[in-house]
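Heads up, the thing below is written out as structure tokens.
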Amino acid sequence: MKKIVFFVVLPLLLIIVALSVYVLKGGRDIDTQEAFSVPIDSVLHELPTDSKLAKKEVQKVKKALSALKPAKPYIVIDTHANRIFLRIEDSILLEATCSAGSGGEFIDSTTGRKWVFNTPRGIFKVDSKIPHPWWRKPDWAFLEEGEQIPNDDGERLDPNMMGDFALGFGDGFFIHGTIYERLLGVSVTHGCVRVGSDDLEVLYNKTPMGTYVYIF
Amino acid sequence: MFIYSKAKRIIADAGKIVAILMAGIILIIGINACKDKKEPPAKQGRIETKKWDFKSENFDFALAQAELQLAGLKKPYLVLDFSKNKLILKLNGVAVWDVPMEITADESDSPEDFTERFFSDNNLLVRPLFDKHLFAGKGQSSDSVLKIISGVVRASVELMQREVPERFQLEWENGLLIEFRTEIMGQPKSKFKNTLVELRRTLQRPFGESAMVVRLDSKHAITLYRVAERGLPTLIYPPKYGGILENITPSKEANQKLERKASRK
């Protein structure tokens, strides 16, 4: 009898309890540090009873919200699906396939320097527009190939890699062309965003300096 | 006589085992019942601490302020826009992705029911995503092709591969659930986990739930599935909503600022 209790009943009970905990908890605890919720007491949820004051409060919120929306077309880069858009609030003016950062890492075994090849996410602005751009190869480009980092800056320049146009959005990141158009749609870059030549030309011509770039 | 007494003992032992198992099951049902006292049944009378009138100016005002707070995060958040039947991802208050929300009416609770449940309990205006589960899907590119590319660009196949979902669920607390289905035929990710998730849902259903089934294009599903990390803030524009958030136009000031900056460069 004791054996049956020990080897059959107890494990069965443990399984039932574990299942029950899973069922109740939904698998994992939510990380409250990362989770964001808005309880009603964190916002001024009651409008003032005075109609003038109430109108003023509504106008204030409206103004704050409308100030967030770009009045002109903006670029959106969806790094999850490798798609790039030129859009205004309710419509898409251009949709194209692109390639974003691979998320891979490279560590220089001699110095220990580390690079993570992610496309940055957030809100940026087009801060440079360059026709016929040349690529100035960073250190990792040489180290990846097992080559020496050149002392002469001229040896870093490559006129063929970035296509016909480049749109800079800060910190050395660009939306540019590619000689590897067959890889578009796959996350293969070192952080820049590659676009096919025809789409890049349209994008370049339709986006003035200061255009917002939203990357998610 | 000996056989009779042995049989009697075996029956008694079996009885004890059944009794222990029953006690365990009763205990678990008890825990379930206690836990779900906090979650009122979906379609029976709800006990809300705050009952919103979704057409009132106060609700509209509170919602707009909640969205302002979300915009300040500078991270994506999800909007279930039942007034226009759209799923929208926003970043800093700006739409960066939107798709029509095609709700399968015969398999879903009404958007009104979902909205009411969303805004009841805990008085939350924005809820974080509680869980997601991928039932079935398939890789966007073949692994063999990615392996070749991987050799050239020195990135791992896992990082480059994108899972195209066939069927996945997003879940918020308070029994809120949306199941997304796409047109593709995929492979089950884990039959065991799928069964557990189904079991959990079945056990929770009697204690209150509002669930919907939404059809989604597979190319859009990739984005939603990947963005929908646990904790993703979620907001609802209720059905027939016509408030502040639907009537926001870009400000002239913002436009002028943008032009001034551009001309300086």
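The values are calculated or read from the model by the stated rules, or taken from the named source; none is laboratory data. Everything numeric here is computed off the predicted structure, so don't read it as measured data. Cβ placement follows ideal geometry from the backbone for every residue including glycine, while neighbour counts extend to all protein chains displayed. Ligands, DNA and RNA are excluded from the accessible area calculation, which covers all protein heavy atoms including side chains. Shrake-Rupley method; radii C 1.70, N 1.55, O 1.52, S 1.80 Å.
In nm, to one decimal, how far is the modelled label at residue B:194 from the one at residue A:56, with both set 7 Å along Cα→Cβ?
6.0
In square angstrom, what is the accessible area per residue of region A:62-192 with a 1.4 angstrom probe?
Here the residues of region A:62-192 average 48 Å² of exposed surface.
For residue A:114 and residue A:182 in the same chain, what is the full-extension length gain: residue separation times 0.36 nm, less their Cα-Cα distance, in nm?
21.6 nm
Through the Karplus equation 6.51 cos²θ - 1.76 cosθ + 1.60, θ set to phi - 60°, convert the phi angles of region A:206-211 into ³J(HN,Hα) values in whole Hz; use x for Gly and Pro.
9, 10, x, 4, x, 4
Using the beta-carbon distance between residue A:6 and residue B:104 and R0 = 35 Å, what value does 1/(1 + (r/R0)^6) give for FRET efficiency, to the nearest 0.05?
About 0.10, to the nearest 0.05.
Positive end of the dipole of chain A, charges at C-beta (+1 Lys, Arg; -1 Asp, Glu), about the Cα centre: which of A:123, A:70, A:14 has its Cα farthest in that direction?
Value computed over the given set: A:14.
How many Cβ atoms of partner chains, on average, are near each residue of B:64-72 if near means within 10 Å of its Cβ?
Across the residues of B:64-72, the mean count of other-chain Cβ atoms within 10 Å is 6.
Determine the dipole magnitude for chain A: charges of +1 sit on the beta-carbon of Lys and Arg, -1 on that of Asp and Glu, nothing else is charged, the reference point is the Cα centre, and the result goes in debye to the nearest 20.
1140
Within 10 Å of each Cβ in A:206-213, how many Cβ atoms from other chains are there, averaged over the peptide?
Mean partner-chain Cβ count within 10 Å for A:206-213: 3.
Helix-only estimate, please: 222 nm mean residue ellipticity of chain A, summing -39500 (n - 2.57) across DSSP H runs of length 4 or more and dividing by its residues, to the nearest 500.
-7000 deg cm²/dmol
Leaving out ligands and nucleic acids, note down the accessible area per residue over region B:57-242 with a 1.4 angstrom probe, in whole Å².
It amounts to 39 Å² per residue over region B:57-242.
Any idea what the dipole of region B:49-172 comes to, in debye rounded to 20, about its Cα centre with Lys/Arg Cβ at +1 and Asp/Glu Cβ at -1?
720
Enter the mean number of other protein chain beta carbons within 10 Å of the beta carbon of each residue in A:180-188, as an integer.
Shielding by partners across A:180-188 averages 4.
Once R0 is set to 30 Å, what does the formula 1/(1 + (r/R0)^6) return for the Cβ-Cβ distance between residue A:16 and residue B:158, expressed as a FRET efficiency to the nearest 0.05?
E(calc), rounded to 0.05, equals 0.25.
With each label point set 7 Å from Cα along the Cα-Cβ vector, what nm distance links residue B:73 and residue B:147?
Placing both labels 7 Å along Cα→Cβ, they lie 4.0 nm apart.
Peptides B:219-229, B:239-249: what's the order by average Cβ count within 10 Å, highest mean first?
Averaged packing, sorted descending, gives the order B:219-229, B:239-249.
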